[in-house]
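The values are calculated or read from the model by the stated rules, or taken from the named source; none is laboratory data. This is a predicted model, so every value here is computed, not measured. Here Cβ is always computed from backbone atoms with ideal geometry, including for glycine, and neighbour counts include all displayed protein chains. To get the accessible areas, we keep the full protein, side chains included, count just its heavy atoms, and leave off ligands, DNA and RNA. Shrake-Rupley method; radii C 1.70, N 1.55, O 1.52, S 1.80 Å.
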Amino acid sequence: MSGIILGIETSCDDTAIALVDSSNQVLSSIISSQVDVHSGYGGVVPELASRAHERVFLDVLFQAFKDAELPPSAASIDAIAVTKGPGLAGSLMVGMAAAKGLSAGWRVPVVGVNHLEGHIFALDIENREIDFPMAVLVVSGGHTMIVVARSRGEYQIVGETADDAAGEAFDKVARFIGLGYPGGPEIERLARDGDPNAIKFPKAVLKDPYDFSFSGPKTAVVKFIQANPKVALADVAASFQKSVAEVLAERTLMAAIHFGCRSLGLSGGVGANEKLRVTMMELGLNAGLHVYLPSKRNCTDNGAMIAVAGRYILEKFGPSSLDIDAQPSLRL
Ligand code: KG4
Ligand code: ZN
């Protein structure tokens, strides 16, 4: 037994495949981005996404084995972990069909992984010891939620967005001010030259203290620029980024304290944002909590997080059957 797991992630617009060993060390992690395919549209076009996954899948797979210096064969791995949802149906199906084909052909077990649980397990790639319970902020282009993890695999969603995901708000604001897709990294780049205290954008007020709303703040940015066409866009980017980072980190901290957590975790694409990382770190450490931040590469979608989650699920529940389906609306 090699203990090596092949992790496959195709839920949205990245074809990501990784090989992870029995101590959750990443042997290889290939991420083929579809930014060029979708950038002209300001968002992901589902039909183009699934076609692009299908086109690059085998190259990404072989590159993952090559980087890990392993032959692409059954002898190199113990199991295959694949994202089963949530995500775009067509994109998920490419990864699922490939995983099932490899499983049947190579006679190795396959295990389906919830993409959101994968993001939480990204914290396990580099932090083997986690001080539970932990309040995890999962924040990406499709999701914004605070999850209280009592232990590995034991989750309670305590806060969610009422409308847009935080990454979606970054993407929409970026699109409005003429930046490229994905918008988060573009806003972050522009914000470097701006004053984060230049503009006070309103923070959405919600009944539940752990919920979020980003549709109002996004509209506030648009209206502000329309009313002040000469404003420095770098100031807008820096002020918007600061207000989003603060609301995300403050609410995660409040939830952590309320639910008796000993640590904070951050995962998902927006978790690559430096302002958010620093704010989470400062608030958490000031409150005497451990703060776990995966590397930026492991915050955005990747195959290693799916492999690590897959190992846990496999050990606890055993393999999935070959008739598992893609579940585009799967919940945590
Ligand atoms: O987790 P992810 O790779 O895919 C989803 O599951 O959605 O997250 C992608 C999202 C996009 O909305 C992107 O704009 C955002 O994460 N993002 C960022 C940064 N890097 C990626 N947002 C803010 N700052 C960043 N540095
Ligand atoms: Zn994701």
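Looking only at the stretch 129-249, where both bridge partners belong to it, what percent of the DSSP beta bridges are antiparallel (to the nearest 5)? In the stretch 129-249, approximately 90 percent of DSSP beta bridges are antiparallel ones. The simple Förster model, with R0 at 35 Å and r as the Cβ-Cβ distance, assigns Ala227 and Glu154 a FRET efficiency of 0.15. Across Asn298, Asn114, Asn197, mean-square fluctuation computed from a Gaussian network of the chain (C-alpha pairs under 10 Å connected) peaks at Asn197. Angle of helix 274-286 to the longest C-alpha principal axis of the chain, folded into 0 to 90 degrees and rounded to 10: 90°. When each of the peptides 85-93, 138-146 is scored by the mean number of other C-beta atoms lying within 10 Å of its residues, the order from highest to lowest reads 138-146, 85-93. For a modelled paramagnetic label at Lys296, 7 Å from Cα along Cα-to-Cβ, the residues of the stretch 177-215 in reach, with backbone nitrogen under 13 Å, are 184-192. Taking only protein heavy atoms and a 1.4 Å probe, the accessible area of the stretch 180-313 is 55% carbon and sulfur. The distance between label points at Leu322 and Ser73 comes to 2.1 nm (points 7 Å beyond Cα on the Cα→Cβ vector).
When each of the peptides 120-126, 201-207, 283-289 is scored by the mean number of other C-beta atoms lying within 10 Å of its residues, the order from highest to lowest reads 120-126, 283-289, 201-207. Per residue, the accessible area of the chain comes to 42 Å² when a 1.4 Å probe rolls over the protein heavy atoms. Extending 7 Å from Cα along the Cβ direction at Ser329 and again at Glu126 yields two label points whose distance is 3.6 nm.
Annotation: amide H-H contacts under 5 Å for Leu27 (H modelled 1.01 Å from N, sequence separation of 5 or more, or interchain): Leu19, Val20, Asp21. Summing +1 for each Lys or Arg and -1 for each Asp or Glu among the other residues whose beta-carbon sits under 14 angstrom from that of Val44 gives -4. Could you tell me the number of lysine pairs in the stretch 179-300 with C-alpha atoms less than 19 Å from each other, where the two lysines are 8 or more residues apart or belong to different chains? Final tally of qualifying lysine pairs is 16.
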